[in-house]
Amino acid sequence: MKKPTLGVHLIIRNEAALLPQCLDSLHGAADEIVIVDTGSTDNSAAIAASYGAKVYHRNWNYDFSAARNTGLSYAETDWILVLDADEILKTPVGAITEMLRNTEAMAFTVNIENWLGSLPEDRLTHNAIRLFRNGAGYSFQGIIHEGLDASIIGKHGASVIRSSGIEIIHLGYLPGIMAQKDKISRNEHLLRRALANDPGNDFYSYNLAVTCCQNGQLEEAAELLTRTISRAPFQASYRPSMIRDLAKIQLSLNHTQAVNALLARELPRYSDYPDLHFIQGQSWESQGLTERAFQSYQRAAAGSEKPAAPVNASSTGAPQEAAAVALSGKYVSEKGMNSFRPLARMGEISLQLGHCEEAARWFHRALQHHVLYAPALQGIAAAFQRLDVPDQDIATLLIQLVGTREAAGRSAVIHALDAVCAYEAIAGLPQADFPLEQETLPARASAWIITGRLAEAGTALREALSQLRDTATMDGDMDTIHRLWRIAAICRWQDNSPQAEPLEFADAPEPLRSALLLVDEQLTQHNTAPALPGEAGNLSQVIAELIRQAVKLRCCGLAAELAGLFPEHRADWAEALYESGQLKEAGELLIALAADQQVRGKVSFYLAELLFDKGHYREAAEWFQLMLDGTPGHEPSRIGLALSYLHLARLELEGAAAGFPDIYANGPLQEDMKAAEQAIAVLNRTAWHTQRNPHRTLQKGATP
C-alpha cells in the first residue's frame, strides 16, 4: 500500500514566539502545512510561510471551530494532524505515516502532555482526537475546546477511533504563557457566551469550572462541577475528570466530608483511576486517618510494582513511569499519580509512625520512578537521619542516587540536604563536583555561614551579585536574587573581621536597596530606627525578612540587634525563634508581646502551642480561639482548639471515674474516656502542630 500523505493544520494569532518550535518539531517531513491566521499583528504569518506553510486569513469571530473548519476546506492530504502553536510534536512524522499505511481506522487519539511548571513532575496528561482521515465529511464543533468526536461518532460510531502512541507536548498552561496571552479571561468569556446559547451543555459547564478554578474562583467551580456531575451521563468521557477536579477543589477548601462522600460514591465506577485514590489518601491524611490514607496510596500505586527501565543517574531527571500501558490516556492524570507520588506519601506516613527503615524503602521505590522527586529525596534523607546515619554518608547516598553531571541533579542533592538541615554536609561538598551555581548558591552560602565559614560565603556571594549586575540578568529569578542579597547582607553584618570586604548595597534592586541602606546605617550608629511610615510597606517587609533570615542563619545576636533597632518587628523575631526550635527564648518574647498587646501574625498560635505542649489546655484554647477570631480559616488553630477541649474533657472524665468504686471500672465513663483518647490520637496524626527538624536547633559551629 502506498504511503499516505499527512497534512498538519494549525490556527494562529500572534504566535511568533512559539510557532517556530512547533514547526521545527515537524522536521520538514509533513506533506502539507495548512495555517489559518485569525488576525495576527506580529510576523506569525511570515514565520509560517518561511516553513512552506499555506497561510489563509480569516477574521476572528470568537469561534475556534469555524477557524478549524476553514483549514479543513483547503486540505489536500489523505490524513490531517491538528496541532496548536504552543505544542511540540514528539513523535516523528515518518513514524506516524508508517502507522497509517494499513489501518482501517478513521481517526486516532494522541497523548498530550500539558506542562504546568518547570519541574518534571509538573505535568498533566490527557488524550484527544487529533489525527483523522481527510475527505470523510468531518467538521469541528464547539466555539471553544472544539472537537471532532461528535462528527466522527455520528457518522461511524466510536469503533473507528483508535488509540495511538503519538505524543504531543503542550506548553500553553505554563504560568508565563497563560498570563501573557490572558487565556483565562478569553476562555471564560467564550465559555459563558457558549453557555448563554446552550445552558444545558455539560461539556461547556465542565470547562467553565476548570477556568474558574484557574482564576481562583473555587466556590463557583465547585458549584458548577457538582451540578454538572449530577446530570452528565456516566459514559461522558470527561466525567471522571470532573470527579477528580471537584475532589481536588473540595480538598483545597478543607471540605473533607464532601470529598469522602463524593469518592465513596464514585470510586467504585473508576476504581482504576489512580488520581482519585491519591486524593482520597490526602483526605484521609488530613483527617488523621493514616492507616486508611496508606491503603488509598497503595491502591494508587498498584501499577508501580515493576518500575520502568533503570534510572540513569546522569539523566535530566524526567519521570520514568511504571503505569500499565492499558491505562495510558484513559484518564486525565497528573504525572506520577500511580507511582512516585503515592509511594513518597507512604514513605512519609511510615516516617511519621517511626518506621524509619520501612520509610526509606518506600522513598527509594519512589526514586526508582523519578530520581529527582524532591519529596522522596528529602524523605529518604530524613529517614536515614533518624536512623543516626551521619549527614556526610547521607550526602554520599544522594549523590549515588542522583549523580552530579547535570545541574538538576546537583541542585536536587543540595536542596534535599538543606531540607533536613545537613549544613555541614552541604558546606563540605567538593567544588569539583558542585561548582557554584545561582540556583544552589543561597543554600550553599547559608550552610557556610551556619558552619562559621563567613569569609568563604562572603566571597562567593559578592562575586555572584557582581556577575548578576555586570551581565544585566537582574530580570531573572528575582526571588533568588533578593534572597542572595539578604544572605550577603547578613553575612557582611555578621563578619566583623577587619579583612572583611565591603558590600555595595547601592547595587541592590529596590525595595531591597533602601531597606539595606537603612539597616546598615542604623547598625553603624547603634540607634533605634524611627518608626517606618505607613506607606513603607515594602521596606517593612524586607526588614522582617532580614530578621527571619538572620535567625535561620543562626546569627541570633544580629537578629536580636535588628529587632531592637526596629521594635515593630519583635513579632517577626519571636516567630522566627519559635520556628527554629529556640523555644525558651521564643516563649519569653511571645509572653512579652502578649503583655504589650502586640499580638499579630502567628503569635497567638505559637503561644497556644507552647501552652498546649505544657498541658495548660484551658489557656491554650483561649489563644487558639483568638487566632481563629483573627484568621477564621486557620485549620491548625481549629484542630488545636478541638484537641484542647478533648484533653479537658478527658481530664474531667478521669476525675469523675476516680470517684467511683472499682466495680464501675468498665462503665460508660470509661467508654467516653476511650472515645476521647481515640479522637485525640486521630487529631494528633494531622499536620496541625509546628514540625521541627532536630538539626535546626543551634549546633556546634553555629554563629550565635
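Rule-based calculations on the coordinates, nothing more; no lab input. Here the structure is a predicted model, which means the values were calculated and not measured. Cβ placement follows ideal geometry from the backbone for every residue including glycine, while neighbour counts extend to all protein chains displayed.
So the values come out like this:
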read-out: Qualifying trypsin sites (Lys or Arg not before Pro) in the range 253-297, DSSP loop, other Cβ atoms within 10 Å at most 16; value: Arg269
read-out: Rg and Dmax of the chain, Cα atoms only, in Å; value: 29.6, 96
read-out: Ratio of Rg to Rh over the range 180-244 (Cα coordinates, Kirkwood Rh, two decimals); value: 0.97
read-out: Extension reserve of the Lys155-Thr226 stretch, reckoned as 0.36 nm per residue once the Cα distance is removed; value: 22.3 nm
read-out: Cα gyration tensor of the range 325-445 - equivalent ellipsoid semi-axes, whole Å, descending; value: 26, 19, 10
read-out: Viscosity 0.692 mPa s, 37 °C: Kirkwood-radius Stokes-Einstein D of the range 565-615 over Cα pairs, µm²/s; value: 307
read-out: Local electrostatic count at Ala559 - Lys and Arg +1, Asp and Glu -1, tallied over other residues with Cβ under 14 Å; value: -1
read-out: Within the range 238-272, backbone nitrogen closer than 15 Å to the virtual label 7 Å beyond the Cα of Asp198 toward Cβ; value: 238
read-out: 4 °C / 1.567 mPa s Stokes-Einstein diffusion coefficient of the range 85-162, Kirkwood radius on C-alpha pairs, µm²/s; value: 90
read-out: Theoretical gain in end-to-end length, Ser237 to Gln670 [0.36 nm per residue, Cα-Cα removed]; value: 150.6 nm
read-out: Ranking of Leu436, Leu195 by count of other Cβ atoms within 10 Å, fewest first; value: Leu436, Leu195
read-out: Asn69-Glu521 pseudo-label distance in nm [points 7 Å out on the Cα-to-Cβ vector]; value: 6.9
read-out: With Cα atoms, 0 to 90° folded angle of helix 340-352 axis to the chain main axis; value: 20
read-out: Mean Cα-pair separation over length for the chain, i.e. relative contact order, pairs under 8 Å, 6 or more apart, %; value: 7
read-out: Whichever aspartates and glutamates have a C-alpha closer than 17 Å to that of Lys330, once near sequence neighbours (fewer than 8 apart) are set aside; value: Glu113, Asp149, Glu167, Asp245, Glu266, Asp272, Asp275, Glu321
read-out: Most positive-pole-ward Cα, Leu643, Gly659, Leu669, against dipole of the range 601-696 from beta carbon charges; value: Leu643
read-out: FRET efficiency estimate (nearest 0.05) - Cβ-Cβ, Gln141 to Ala29, R0 51 angstrom; value: 0.95
read-out: Where a label projected 7 Å from the Cα of Glu635 along Cα→Cβ would reach, residues of the range 249-264 with amide N under 11 Å; value: 250-257
read-out: Exposed GluC sites (Glu not before Pro) absent - longest run of the chain, DSSP non-H/G/I/E/B, at most 14 other C-beta within 10 Å; value: 105-304
read-out: Mean residue ellipticity (222 nm) of the chain, computed from DSSP H runs ≥ 4 via -39,500 (n - 2.57), nearest 500; value: -17000 deg cm²/dmol
read-out: Nearest 10 degrees, 0 to 90: helix 256-266 Cα axis against the chain principal axis; value: 30
read-out: The range 601-696 - charge dipole about Cα centre, Lys and Arg +1 at Cβ, Asp and Glu -1, debye rounded to 20; value: 480
read-out: Hz values of 3J(HN,Hα) by residue in the range 82-91 - Karplus curve (6.51, -1.76, 1.60), Gly and Pro given as x; value: 9, 10, 10, 5, 9, 10, 10, 7, 8, 7
read-out: Relative compactness, the range 6-175, computed as alpha-carbon Rg over 2.2 N^0.38 Å; value: 0.99
read-out: At most 16 other Cβ within 10 Å, DSSP loop - trypsin sites (Lys or Arg not before Pro), the range 610-687; value: Lys614
read-out: Full-stretch length increase - Ala657, Gln214 - with 0.36 nm per residue and alpha-carbon distance subtracted; value: 154.0 nm
read-out: Normalised convex hull volume, the range 379-523, alpha-carbon set, Å³ per residue; value: 124
read-out: Label zone at Ala679, where the point sits 7 Å out along the Cα-to-Cβ direction: the range 636-660 residues whose backbone N lies under 18 Å; value: 636-657
read-out: Square roots of five times the Cα gyration tensor eigenvalues for the range 540-665, Å; value: 36, 15, 11
read-out: DSSP-defined beta bridges in the range 6-175 - what % are antiparallel, rounded to 5; value: 45
read-out: Note, ³J(HN,Hα) from phi for the range 102-117, Karplus 6.51, -1.76, 1.60, rounded to Hz, x at Gly and Pro; value: 10, 7, 9, 5, 9, 7, 9, 8, 10, 8, 10, 9, 8, 7, 10, x
read-out: 10 °C / 1.306 mPa s Stokes-Einstein diffusion coefficient of the range 601-696, Kirkwood radius on C-alpha pairs, µm²/s; value: 110
read-out: For the chain, share of DSSP beta bridges that run antiparallel, in % to the nearest 5; value: 45
read-out: Two-site label geometry, Thr480 and Gln400: point separation in nm, points 7 Å out along Cα→Cβ; value: 3.0
read-out: Nearest 10 degrees, 0 to 90: helix 374-386 Cα axis against the chain principal axis; value: 30
